[in-house]
1. What number goes with the only condition from (1) free of Cβ contacts under 8 Å to residues at least 60 places away in the same chain; (2) over 22 Å from the mean Cα position of the chain (by Cα) that residue 91 does not pass?
2. Would you confirm, using the coordinates I've provided, whether residue 192 is small (Gly, Ala, Ser) and either more than 29 Å from residue 268 (Cα to Cα) or not in a helix (DSSP H, G or I) (or both)?
3. State whether the residues of region 205-212 include one that is of a type in the set (Phe, Trp, Tyr), part of a helix (DSSP H, G or I) and open to solvent by less than 60 Å² (accessible area, probe 1.4 Å).
4. For residue 112, state whether it is without any contact (Cβ under 8 Å) to a residue 40 or more places away in the chain and at negative phi.
5. Kindly indicate whether residue 280 is of a type in the set (S, T, N, Q), assigned to a helix (DSSP H, G or I) and closer than 30 Å to residue 93 by Cα.
6. Determine whether region 244-254 contains at least one residue that is crowded, with 21+ Cβ neighbours inside 10 Å, farther than 28 Å from residue 169 by Cβ and either of a type in the set (Lys, Arg) or touching a helix residue (DSSP H, G or I) at 6+ places or on another chain (Cβ under 9 Å) (or both).
7. Go through 126, 166, 139 for me and flag whichever is in contact with a Leu (Cβ under 6 Å, 6 or more places away or on another chain), farther than 26 Å from residue 289 by Cα and surrounded by 18 or more Cβ atoms within 10 Å (Cβ to Cβ).
8. Just for region 111-123: of the residues that are in contact with a helix residue (DSSP H, G or I) (Cβ under 6 Å, 6 or more places away or on another chain) and open to solvent by 20 Å² or more (accessible area, probe 1.4 Å), which one is farthest from residue 71 (Cα to Cα)?
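The values are calculated or read from the model by the stated rules, or taken from the named source; none is laboratory data. Predicted, not measured: the structure shown is a model, and the values here were computed from it. Using ideal geometry, Cβ is built from the backbone for each residue, glycine included, and neighbour counts are taken over all protein chains shown. Surface accessibility is based on the protein's heavy atoms, side chains included, excluding ligands, DNA and RNA. Shrake-Rupley method; radii C 1.70, N 1.55, O 1.52, S 1.80 Å.
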Amino acid sequence: MTLKASEGHLSYRQLSSFFIPLGFSASLTSITHVIINGTLSRGENAAFIIACYAVAFALFGIIERPIIVFRQTCSALVKDVHSFKVLSLFMVIPMVLIIGFSMTMAFTSFGDWVYMNLFNADANMVNTISDTFAIILFVIIFSGVRGLYQGVIINHLETKWLTIMVVIRLIIMLLVAYSFVYFDYITSLSGAILFLVGMSIECAISVWKGHGILKLSYRKKSKDLRNGEIAKFYVPLVFYFVIQTVLVPVIYVFLAKTNNIEMGIASFALAFSITQMLLSFFMYTHQLVLQLYEVNRQKVIRFIIYISLLPTLALVLLCYTPAGTWFMGEVMGANEELAQTTIVVLKFFIIKTLVFPWVDFLNGYLMLYRKTKRMAIAQILNLITVIVTVSLLVTFFPSWNGVNGSIATSLGELVALVIVLTVVLRMMGKGERRVRQSN
């Protein structure tokens, strides 16, 4: 897809062909974990196998965050082959640090201590978790390389390739999963191997396509990219994603103080997973700004207005029609009590579905103008709001159970929206003043 940026030529069809494949790739990626858990659940001691894999994967989810950020960093900063090489060398530093830490976790007693004390793992689980994590840590390498080249692919607007590579990844994972089941080799390590195979396939396709784009389309030399500029953009973005990861575990800690602990945590967890599933399609909204906002900002904003309502409409349908009860029972497998409680919790997540696409859109604006530090500040205030709100709610309304978590989460997201919107409006105001002064 080519755009005449200087002339502002941009159609809704071009916007859709850029954004929809991004949304599908994000949504399809979640099926990865369905395949893995579905495979592990067929093992002899399924509960033990899944629990060990879950602990290893939870730890991976935290330490991978600084690597995932390179997708956004590349799509925002890389403009030629030279800047790609500079960013690639920069990535080596956090990659080495994270792999070093991961190897310490996998091959020393420090890892055993973390599994038992921070993740409440049983002593019998420690060796299996450690072996599983030793395989998963290699995923970090593939994830980093994949992110770099996907940044190039997104920057060149070839987003259909992200969907293609995820589909190929899922097909191969299904074949490998079938092999594990057929040969009756189902352990926690099987889950880690499946994850590694899937990520390596996606990485290989990303490198092949991204390298081709670099050779053909990134020959022109632009302004030199320096490590200081990368660090200024990258470090606040890492803090942003790490804080985002911490939010849900913090809520679980407070929900443990509600009247019905099990129902409170279960209903919130189920409602949150459904909400994230609906919002996963909009995880790349910031890329619309990074790649197309300067081409035609009016059309980009109008496009966001239309599509941002979709997750809210879907959640309203689940909360206020019989479709919700059917979905909770037949698709999610919840009993009647859990289903009804979860639907109540979901009603307060409607606010989050309205707000999130716009927070991500405005974050894209901040990325575009290299103001990622403001994003981190907004996320910190989001976390503070969540902690204060949920602590007050569980103190004064412990009978609300999981609802306390959804109210706190939505309110935190709303605070983040107000902050980033205020920052963006001020930036726009300053920009307009500079234009008037120059004239």
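1. (2)
2. Working: small (Gly, Ala, Ser): yes; either more than 29 Å from residue 268 (Cα to Cα) or not in a helix (DSSP H, G or I) (or both): no.
So residue 192 does not fit the description; no.
3. Within region 205-212, the first condition is being of a type in the set (Phe, Trp, Tyr), and the residues that meet it are 208.
When the remaining residues are screened for being part of a helix (DSSP H, G or I), the result is 208.
From what's left, open to solvent by less than 60 Å² (accessible area, probe 1.4 Å): none.
Within region 205-212, not a single residue is of a type in the set (Phe, Trp, Tyr), part of a helix (DSSP H, G or I) and open to solvent by less than 60 Å² (accessible area, probe 1.4 Å).
4. Values: without any contact (Cβ under 8 Å) to a residue 40 or more places away in the chain: yes; at negative phi: yes.
Spelling it out, residue 112 is indeed without any contact (Cβ under 8 Å) to a residue 40 or more places away in the chain and at negative phi.
5. Values: of a type in the set (S, T, N, Q): yes; assigned to a helix (DSSP H, G or I): yes; closer than 30 Å to residue 93 by Cα: yes.
Answer is yes for this residue.
6. So the first thing to find is which residues in region 244-254 are crowded, with 21+ Cβ neighbours inside 10 Å, and the list is 251, 254.
Within this subset, residues satisfying the condition of being farther than 28 Å from residue 169 by Cβ are 251, 254.
Narrowing the set further to residues that are either of a type in the set (Lys, Arg) or touching a helix residue (DSSP H, G or I) at 6+ places or on another chain (Cβ under 9 Å) (or both) leaves 251, 254.
Looking through region 244-254, at least one residue is crowded, with 21+ Cβ neighbours inside 10 Å, farther than 28 Å from residue 169 by Cβ and either of a type in the set (Lys, Arg) or touching a helix residue (DSSP H, G or I) at 6+ places or on another chain (Cβ under 9 Å) (or both).
7. Details: 126 fails: in contact with a Leu (Cβ under 6 Å, 6 or more places away or on another chain); 166 fails: farther than 26 Å from residue 289 by Cα.
On inspection, the qualifying residue turns out to be 139.
8. Ranking the candidates gives 112 first.
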